Every structure is written in structure tokens, then in C-alpha cells.
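Participant: Take this structure first; my questions come after.
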Amino acid sequence: MKLVEPIIAFQSELEQIRRDLHAHPELCYEEQRTADVVAARLTEWGIPIARGLGLTGVVGIIKNGSSNRAIGLRADMDALPMHEVNSFPHASRHAGKMHACGHDGHTAMLLGAAHHLAANRNFDGTVYLIFQPAEEGGGGARRMMDDGLFEQFPMEAVYGMHNWPGLAEGSFGVVAGPMMASSNEFRVVVKGKGSHAAQPHKGVDPVMVAVQIAQSWQTIVSREKNPLDTAVLSITQIHAGSATNVIPDEAVLIGTVRTFSTGVLDLIERRMEEIAKHTAAGFNAGIEFVFKRNYPPLVNHPEQTVFAIEAMRAVAGADRVDSNVEPTMGAEDFAFMLQAKPGCYVFIGNGEGDHRAGGHGLGPCQLHNASYDFNDRLLPIGASYWVRLAEMSLPVR
């Protein structure tokens with residue numbers, strides 16, 4: 001490891017910040033206290049800030065030299081609506097809210113980089129520090145963009161980072177091209193005709209129609225798309241009926257679709273609707289079809305990925321950087337930023353969970369698990385990566 005020495009000296013302060021944020025989690029678009037903490041620290045370190053983009057977003061601006069070049073570094077701030085089972089001192093103090101995805105650590109790592117960059121300024125240009133709200137389903141990246149993020153703060157590239165449990169502690173992983181999937185959800189209501197269950201011929205059974213639709217949909221993935229294109233179509237809920245002797249009027253199917261390309265997504269959405277409508281019509285039933293596209297696929301740009309790999313290797317060493325990490329069907333709204341700007345999103349290994357002190361829950365240290373906790377040993381590593389990325393992107397001439 002070739003960490004930035006002043007950041008190592010600042011590690012205990014970063015740990016205090018991270019654990020304070022963990023103890024006070026805030027859900028999407030409610031990150032007022034978190035934003036206040038970020039804004040106060042940046043101001044204390046002499047970094048100008050802008051607030052209000054994406055409602056609770058914060059942007060720090062560090063300028064140096066005469067170059068008009070600029071890059072953006074992004075961290076997410078929001079927590080999840082789930083109950084934490086950990087009992088260590090920095091566990092959540094707010095029931096039903098938890099930093100179970102490590103956004104507290106992401107915020108602290110970017111603050112660590114901000115502290116060093118402001119004090120040393122070994123770069124020529126502008127580094128924009130983007131503290132984003134509402135990644136967990138709220139589309140905060142798009143909201144900040146809609147509020148003028150890239151117009152007010154013009155940058156040539158933007159970079160993101162997420163901790164990744166199961167990846168060796170302090171190592172990095174990235175892949176050029178698709179790295180995370182699109183996130184989409186559907187809700188289909190089959191409209192039948194209720195009747196007595198002993199007289200099914202007097203009604204139109206929406207349950208049987210829903211079963212036919214559910215089975216037929218799976219052929220889209222197995223028989224209609226190219227086998228080389230990755231996709232997931234998961235029906236996660238079927239709701240119908242209220243009594244054993246009643247055929248209901250309606251049945252509801254709910255679930256998610258994940259793809260790495262918009263073209264595959266277009267095919268799946270179109271065929272899902274066609275199959276649902278024609279199947280229902282064949283049984284004299286009706287259909288209400290709703291398909292919601294939440295986050296697009298996260299696609300890393302080749303040039304910026306190569307550059308990010310160089311920065312990661314400068315920090316962790318070549319043997320601790322996997323430049324062909326396996327993509328995930330999970331989703332990330334940083335994908336919106338990568339649609340608008342060149343850039344790269346990387347994973348930093350959170351380890352297997354052995355960093356957790358006494359008081360952690362019995363569950364694994366996995367993302368979105370009630371026993372999760374961010375690995376504080378990553379704080380100087382992630383912050384060093386941000387610093388090296390900024391200095392290498394904006395070299396002093």
C-alpha cells in the first residue's frame with residue numbers, strides 16, 4: 001500500500017466522522033443533518049460549498065492553479081429503511097433506519113480526500129466534491145443533475161466508488177463497460193370476474209391467468225433474447241383472493257427486471273406487455289400493465305476506466321486491483337451521471353466482516369444486511385485513491 005501519509009494521520013478523525021454518521025442515519029431526501037456535517041467540515045477546511053442541489057446535496061469546490069480543467073468525485077449519503085441489529089456504540093439511534101450499505105463510509109472517505117486536497121493542492125484545475133442524497137431508490141443523482149449539477153459545475157469526467165463485501169479488504173475491482181444493471185419494476189393487474197369457487201364457469205379466474213402469464217414471461221429470457229445478453233426477470237409477489245371459496249376479481253403480479261443494456265430492456269418490456277395482454281384476452285380477462293424504469297445500466301467509459309486503474313494501482317499495488325471484476329445485477333443511480341459524463345465507478349473491498357468489533361449482529365457483513373458495518377480500515381485507502389485520482393487527472397504543469 002502506498003497511502004497518502006497525511007491521510008493516515010487523519011484516520012482517527014475520519015473514523016469519528018464515519019461512526020457519527022452511522023449512528024445518525026437519514027433516509028433519502030432527509031439527509032439534513034448529514035449535509036450539515038459535510039458542509040461544516042468543508043467550510044472549516046476553507047472549501048467553498050453549494051447546497052440545495054437534489055434538495056439535500058452538497059458540492060464542495062477546490063480550485064488550484066490556472067487550468068480550466070475539472071473533475072467530479074461523488075459519494076452518496078443516505079441510509080436504508082431497515083432496523084439495525086448491531087449493538088456496538090455507534091449503532092443506529094433511529095429505529096427503522098440504518099447505514100446498511102456503507103454510505104457513511106463513502107461520505108467519510110470523500111471528506112478525507114477533501115481535507116488533504118484543500119491543505120496541499122497538488123493539482124492544477126478544479127475538483128468538485130459531490131455529496132449526493134437519495135441513492136437508495138430516490139434517484140438523487142438524476143435530481144442533482146436536473147437541478148443543474150453539470151451546468152453549474154462543468155467537469156470533464158466524474159468518478160464514483162462503493163465498498164464491496166466479499167472483495168478482499170482494501171483491494172479494488174472494476175470493469176470497463178457494463179458493471180451494474182438497470183433497475184426496473186413492474187406491476188400487472190389481471191382483471192377477471194369473481195364467482196363462487198364451486199361455480200368457476202360463471203366467472204373469469206384471474207389467478208389462473210396470472211399463472212399462465214408468469215410462466216410465459218420466463219420464455220422471454222430463455223427463448224427470445226440473445227443468450228449472450230444477461231437479464232433477470234423475477235416475479236417477487238403474486239397477490240389474489242381473500243377466501244378459499246371465492247374466485248377473486250383481480251390478481252396482481254409484481255417484480256423486477258434487470259439488464260445490462262437498454263436494447264434488451266426494451267425487448268423485455270415490450271414482450272412482457274404483449275404476452276400479458278394476449279394471454280389475458282385468450283381467457284376473456286383484462287390487463288393493467290405498469291412498467292417503471294428506475295435506474296439505467298451503469299456503464300464505465302473505457303478511457304476513464306484505464307485511468308482509474310492506474311490510480312488504484314498507485315495506491316494498492318497492481319496485485320490488489322482486479323480490472324475485470326464480475327459485474328453485478330445490482331443497480332446504482334451513479335449510472336445517470338455516467339450517461340451524461342465520461343467516468344468510472346469502482347469497488348473497494350470491504351472484506352468478509354472480521355473487522356466488526358463486539359456487538360455486531362449474527363448476520364453476515366453483507367450490503368443491506370441488518371448486521372452490516374463499514375470497515376473503517378478502508379477510510380485512508382479510499383481517501384488516498386480519491387487524492388491520487390485527482391492529482392493524476394489534473395497534473396501540475
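This table checks each residue for (1) in contact with a Phe, Trp or Tyr (Cβ under 9 Å, 6 or more places away or on another chain); (2) under 19 Å from residue 23 (Cα atoms).
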residue	(1), (2)
333	yes, no
342	no, no
369	no, yes
373	yes, yes
388	no, no
395	yes, no
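Participant: Something else: Of the residues that make up segment 304-327, is at least one touching an Asp or Glu at 6+ places or on another chain (Cβ under 8 Å), in contact (Cβ under 8 Å) with a residue 24 or more places away in the chain and not hydrophobic (A, V, I, L, M, F, W, C)?
Facilitator: For segment 304-327, residues touching an Asp or Glu at 6+ places or on another chain (Cβ under 8 Å), in contact (Cβ under 8 Å) with a residue 24 or more places away in the chain and not hydrophobic (A, V, I, L, M, F, W, C): absent.
Participant: Same structure, new question: Tally time: how many residues in segment 369-396 are among the charged types (D, E, K, R) and more than 23 Å from residue 121 (Cα to Cα)?
Facilitator: 3
Participant: What number goes with the only condition from (1) surrounded by fewer than 20 Cβ atoms within 10 Å (Cβ to Cβ); (2) more than 20 Å from residue 318 (Cβ to Cβ) that residue 183 does not pass?
Facilitator: Of (1) surrounded by fewer than 20 Cβ atoms within 10 Å (Cβ to Cβ); (2) more than 20 Å from residue 318 (Cβ to Cβ), only one is false for residue 183: (1).
Participant: Any chance you could count how many residues in segment 333-346 are crowded, with 22+ Cβ neighbours inside 10 Å and either modelled with pLDDT under 95 or hydrophobic (A, V, I, L, M, F, W, C) (or both)?
Facilitator: The qualifying residues number 6.
Participant: Going residue by residue through segment 371-388, is there one that turns out to be closer than 24 Å to residue 7 by Cβ and in contact with a Pro (Cβ under 9 Å, 6 or more places away or on another chain)?
Facilitator: yes
Participant: Let me ask something else. Search segment 244-283 for residues being hydroxyl-bearing (Ser, Thr, Tyr) and in a helix (DSSP H, G or I), and hand back the single one that is modelled with the highest pLDDT.
Facilitator: 279
Participant: Still on this model: Is it true that some residue in segment 358-372 is in contact with a helix residue (DSSP H, G or I) (Cβ under 9 Å, 6 or more places away or on another chain), among the aliphatic types (A, V, I, L, M) and either modelled with pLDDT of 95 or more or closer than 25 Å to residue 129 by Cβ (or both)?
Facilitator: No; the residues of segment 358-372 include none that is in contact with a helix residue (DSSP H, G or I) (Cβ under 9 Å, 6 or more places away or on another chain), among the aliphatic types (A, V, I, L, M) and either modelled with pLDDT of 95 or more or closer than 25 Å to residue 129 by Cβ (or both).
The values are calculated or read from the model by the stated rules, or taken from the named source; none is laboratory data. Just so you know, these numbers come straight off a predicted model, no measurement behind them. A quick note on method: Cβ atoms are made from the backbone with ideal geometry, for glycine too, and the neighbour counts reach across all protein chains shown.
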